[in-house]
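Note sheet for the following structure.
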Amino acid sequence: MTLLREAIGDSLRRARLAQSRTLREVSTSARVSLGYLSEVERGRKEASSELLAAICEALDVPLSRVLWDVSTAIAAEDPAVTGAPASAAAEPAAVPAEPAAAAEPAAAVASASARPQVDGDTRIVIPAPKNGPLVLVEAA
């Protein structure tokens, strides 16, 4: 399980590295000590909201974008969000009482219409790789 401070640090580091900037440049711009910024990026220190805002401003990355990146990364690890049951490995799969071919066609139609519909405003989110650069893309 990833801690929030670690996910925030990963996101900030990816944003900094994507800009090819050094810790010293960002720490000077954000008015944060170099050592403290390093600790935040490594997930060792819990940054305050004021400090996060200053770092994001120094990186010219909206705080909302960093928080979105972090929530996406954490959600990818959460079985409740990804749809995998928490105890899937411990419980055997349920065996249907009747073969699928014997099911009534009306039941098949009803279950197909129960699927969520995707409209044109839906965004597909692909989390950034853990060690890769953070790429910010504006929606068209």
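Since every read-out is calculated from the coordinates, none of them should be taken as a lab result. Note that the structure is predicted; figures quoted are calculated from it, not measured. Don't worry about glycine lacking a Cβ; one is built from the backbone with ideal geometry, like all the others, and counts go over all protein chains shown.
Data table
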read-out	value
Listed peptides 7-15, 44-52, 67-75 by packing density, highest first (mean Cβ within 10 Å)	7-15, 67-75, 44-52
Gained length - Ser71 relative to Gln19, 0.36 nm times residue gap less alpha-carbon distance	16.5 nm
Ala53 paired with Ser38, simple spin-label distance in nm, labels 7 Å along Cα-to-beta-carbon	2.8
